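As structure tokens, the structure follows; a few thoughts come after it.
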Amino acid sequence: MTGDLTGKTIVITGATSGIGASAAHTLTQRGATVVPTGRSPQRAAALSEELGLEVLTADFARFADVRALAERILDRCPRIDVLVHNAGGMVPVRSDTTDGHETTLQTNYLAPFLLQSLLHDRLAESRAHTIVTSSVAHRAGKIRLDDLEFRERRYSAGAAYGAAKLADLLFSREIARHAEQTGITSVAFHPGAVASDFGRGATGPAGLVYNTALGRRLFTIDNDEGARPLVHLAADTDPRTVNGQYFNKLKPDASTSAQARDADLGTRLWATTEELLRPPVTR
């Protein structure tokens, strides 16, 4: 999908702030039909006014919102050329959502997984390209299939976020592995340390980077720079040539963690996630 984006439909979650909002502006200017989504109604209204189009709202901490969002996307989009899984964040203290899942895992991984599943048929019909916002933080994450939600192991915001972003990377690669059968390609990327609202929940060294004036000045980039890899992967690359890859900013990066390269773990994580999301049986 290179060159003119006229006629291309690009759905972006987490698009009402940060790199998602920046990418929505740029891709709209390049002619794409952008369908932005976000959690905040106030920010959605502001972005809607800026872009002159409807911005859909959904809180990824509620699966009911994700299901409603999927229905609205399907009603609005007869085809989807690109689906960007960009929504997510970090919470400083462990908590569960109303769906009973650890908040960081649900908002960064389980909700995107559910959205992908609900849109699967439309994505397959469109031979869509999926782009997943991961992070170099995945290298510090560890997947434990018997404790994905930090109910037994010690919780920290960084450990939970790293594990969720590792899950995102495995999710992207599992989609990519089945591209020949489904027609859906996938790529993941790290945008860089972006000075956005994302870091508000960071603690420890990450908190010093994101939540102090000196840290932000020395170590972070602005939203437009952070959005460049997203725009590049959505508009300026052939999806087939980047399928299954992980980009660190604008460059392919093979130095992912050992777990991120474990295809068997990716398959087992997918199956475990399907079980987590399976509707409860009514007795």
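Here are a few things to note about the model shown:
- The single residue among Thr241, Thr272 that is at pLDDT 55 or above, under 25 Å from Glu149 (Cα atoms), β-branched (Val, Ile, Thr) and not in a loop (DSSP other than H, G, I, E, B) turns out to be Thr272.
- Flag for Phe198 being within 30 Å of Arg43 (Cα to Cα) and either at pLDDT 95 or above or outside any helix (DSSP H, G or I) (or both): no
- Subset of region 244-269 [assigned to a loop (DSSP other than H, G, I, E, B) and out of contact with any Gly (no Cβ under 6 Å at 6 or more places or on another chain)]: Gly244, Gln245, Leu250, Asp253, Ala254, Ser255, Thr256, Ser257, Ala258, Asp262
- Scanning region 243-283 for residues that are under 19 Å from Ala179 (Cα atoms) and hydroxyl-bearing (Ser, Thr, Tyr) turns up Tyr246, Thr267.
- The condition (being over 15 Å from the mean Cα position of the chain (by Cα) and among the aliphatic types (A, V, I, L, M)) is satisfied by just one residue among Ala64, Ala87: Ala64.
- Residue among Arg67, Arg43, Arg30 that alone is among the basic types (Lys, Arg) and over 30 Å from Ala157 (Cα atoms): Arg30
- For region 100-115, the criterion of being modelled with pLDDT under 95, in contact with an Asp or Glu (Cβ under 9 Å, 6 or more places away or on another chain) and under 25 Å from Ser135 (Cβ atoms) is met by no residue.
- Complete set of residues in region 242-260 that are surrounded by 15 or more Cβ atoms within 10 Å (Cβ to Cβ) and over 18 Å from the mean Cα position of the chain (by Cα): Ser257, Gln259
- Output for region 89-139, where each listed residue is touching a Gly at 6+ places or on another chain (Cβ under 6 Å) and of a type in the set (Lys, Arg): Arg127
- Filtering region 4-28 to residues that are closer than 22 Å to Lys249 by Cβ and modelled with pLDDT under 95 leaves Leu5, Ser17, Gly18, Ile19.
- Every test in (1) under 15 Å from Ser135 (Cβ atoms); (2) touching a helix residue (DSSP H, G or I) at 6+ places or on another chain (Cβ under 8 Å); (3) at pLDDT below 90 is passed by Pro205 save one, and that test is (2).
The values are calculated or read from the model by the stated rules, or taken from the named source; none is laboratory data. The model shown is predicted, which means the values in this text are computed figures rather than measured ones. Don't worry about glycine lacking a Cβ; one is built from the backbone with ideal geometry, like all the others, and counts go over all protein chains shown.
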